[in-house]
Amino acid sequence: MSCFSCFVSRRKDVRRVEVDNGTRSATSSGTGGVNVAATDKESGRKRESSEAKGKSVSSSKSNKAAASFGFRELAAATRGFKEVNLIGEGGFGRVYKGRLSTGEQLVAVKQLSHDGRQGFQEFVTEVLMLSLLHHSNLVKLIGYCTDGDQRLLVYEYMPMGSLEDHLFDPNQDKEPLSWSVRMKIAVGAARGLEYLHCKADPPVIYRDLKSANILLDDDFSPKLSDFGLAKLGPVGDNTHVSTRVMGTYGYCAPEYAMSGKLTLKSDIYSFGVVLLELITGRRAIDTSRRPGEQNLVSWSRPFFSDRRMFVHMVDPLLQGNFPLRCLHQAIAITAMCLQEQPKFRPLIGDIVVALEYLASQSIPEVHKQVGRSPPLQPPSEMDRN
């Protein structure tokens with residue numbers, strides 16, 4: 001397998017976004033002008049994000065504060081939260097497409113369900129993070145609503161939906177994602193993660209990186225979304241953050257799932273799973289597949305040791321249209337991200353450089369094994385010899 005350092009050189013132009021360890025709590029306005037105290041008027045509740053308390057994020061840029069919307073305004077924008085405007089649904093609640101009365105801007109309105117898994121702490125965390133951290137590969141938070149017991153978040157509208165939709169639920173009228181588009185998405189997602197890891201001080205651990213949280217614009221440029229589980233990373237001599245295990249099964253790093261010790265390398269593992277989904281077209285966890293193939297990482301590991309088998313991992317929908325050398329290097333990067341020992345996983349800055357190189361080399365070519373489906377079982381020891 002290719003040595004990661006052979007085609008990666010560290011970049012020196014990384015600026016940092018300060019995270020002030022001052023005395024301001026999660027209910028103070030912060031540099032970005034967001035008054036999170038307004039998010040809870042019920043019985044004087046004092047539940048706050050533990051990782052946000054005592055810390056506030058400030059940016060070197062002059063950022064516009066997220067707006068506070070009334071519930072009636074957002075109900076009007078979504079036409080009463082009609083089913084026809086429903087564009088997503090999960091444990092947190094529902095997401096609707098809407099149009100603000102202030103202009104022609106389309107928005108996505110996430111309405112947290114009262115009995116959903118995403119509670120007040122996650123709501124506050126997401127408002128803080130997305131109000132004060134700004135990057136072209138992070139989804140933009142336009143505002144929020146805290147009328148009564150209502151909790152809603154208003155984002156920029158991403159017309160192409162999520163990466164998950166395009167990989168696993170392709171519309172018959174749409175072309176499957178090409179290799180070059182997949183590499184473009186990988187680069188953009190890596191840049192967003194690099195911003196969180198390298199330009200925030202202390203760094204921000206995303207903790208919920210998965211294909212469903214990578215949203216796409218008209219040009220298939222990706223943006224990371226859903227920051228309710230984000231945590232501020234370790235500072236000083238600390239090597240990790242101890243926390244309750246959260247995230248999505250199939251994407252969580254094994255050491256985090258077992259011990260609750262969260263590090264930047266936990267995100268790198270999750271990113272490796274997303275890379276594997278981009279390459280194979282398979283879900284991280286797919287219970288509809290036969291035993292031995294349901295867990296994508298477990299299914300893939302035997303392939304990593306034999307370059308001759310790499311082509312058998314590729315999404316059949318690509319129909320052989322991929323550069324073989326780039327495929328080898330993409331799988332090499334993926335395997336490094338999925339190392340079981342976190343210290344052996346690469347830094348996100350190195351991953352960005354490597355993927356940018358691959359994206360620049362990803363000129364489509366038809367591999368000779370066009371249309372050949374991947375085998376149902378990983379290669380045996382005899383196959384590898």
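Here the 3J(HN,Hα) profile of region 272-280, calculated from phi with Karplus coefficients 6.51, -1.76 and 1.60 at θ = phi - 60°, is x, 5, 5, 4, 5, 5, 4, 6, 8 Hz, Gly and Pro shown as x. For region 104-242, the solvent-accessible area works out to 36 Å² per residue, with a probe of 1.4 Å and every protein chain left in place.
Extents of region 164-296, taken as max minus min of Cα coordinates on every principal axis and listed largest first, are 52, 37, 21 Å.
In this view, the solvent-accessible surface of R301, computed with a 1.4 Å probe and all protein chains in place, comes to about 80 Å². Basic side chains Lys and Arg get +1 at the Cβ, acidic Asp and Glu get -1 at the Cβ, and with that the dipole of region 60-213 about its Cα centre reaches some 340 debye.
Sorting E89, E104 by accessible area puts them as E104, E89; the probe is 1.4 Å, largest comes first, and only protein heavy atoms count. What the Kirkwood sum gives for region 88-179 is a hydrodynamic radius of 14.8 Å, with every pair of different alpha carbons counted. Ranking H240, H166, H114 by solvent-accessible area of protein heavy atoms (1.4 Å probe, all protein chains present), from largest to smallest, gives H114, H240, H166.
Taking 0.36 nm per residue of separation and subtracting the current Cα-Cα distance, fully stretching the chain between R290 and H134 would add 51.9 nm.
Once the C-beta distance of T243 and Q339 is scaled by a Förster radius of 25 Å, the resulting FRET efficiency is 0.70 to the nearest 0.05. Figure legend: label point modelled 7 angstrom from the Cα of K82 along Cα→Cβ; no residues of region 130-168 have amide N under 13 Å from it.
The solvent-accessible area of E340, taken with every protein chain present and a 1.4 Å probe, is close to 120 Å². Filter K97/K261; K82/K261; K184/K343; K174/K199 down to the pairs with a C-alpha to C-alpha distance above 31 Å, please. Violating the 31 Å Cα-Cα cut-off are K97/K261; K82/K261; K174/K199. If you take all other residues with their beta carbon under 14 Å from the beta carbon of F344, and give Lys and Arg +1 and Asp and Glu -1, the sum is 0.
Percentage of Cα-Cα pair distances in region 102-245 greater than 19 Å, rounded to whole percent? Cα-Cα pairs of region 102-245 separated by over 19 Å account for 56 percent.
The values are calculated or read from the model by the stated rules, or taken from the named source; none is laboratory data. None of the values given here were measured: they were computed from a predicted structure. Don't worry about glycine lacking a Cβ; one is built from the backbone with ideal geometry, like all the others, and counts go over all protein chains shown. In case anyone asks, the SASA skips ligands and DNA or RNA and just uses the protein heavy atoms, side chains included. Shrake-Rupley method; radii C 1.70, N 1.55, O 1.52, S 1.80 Å.
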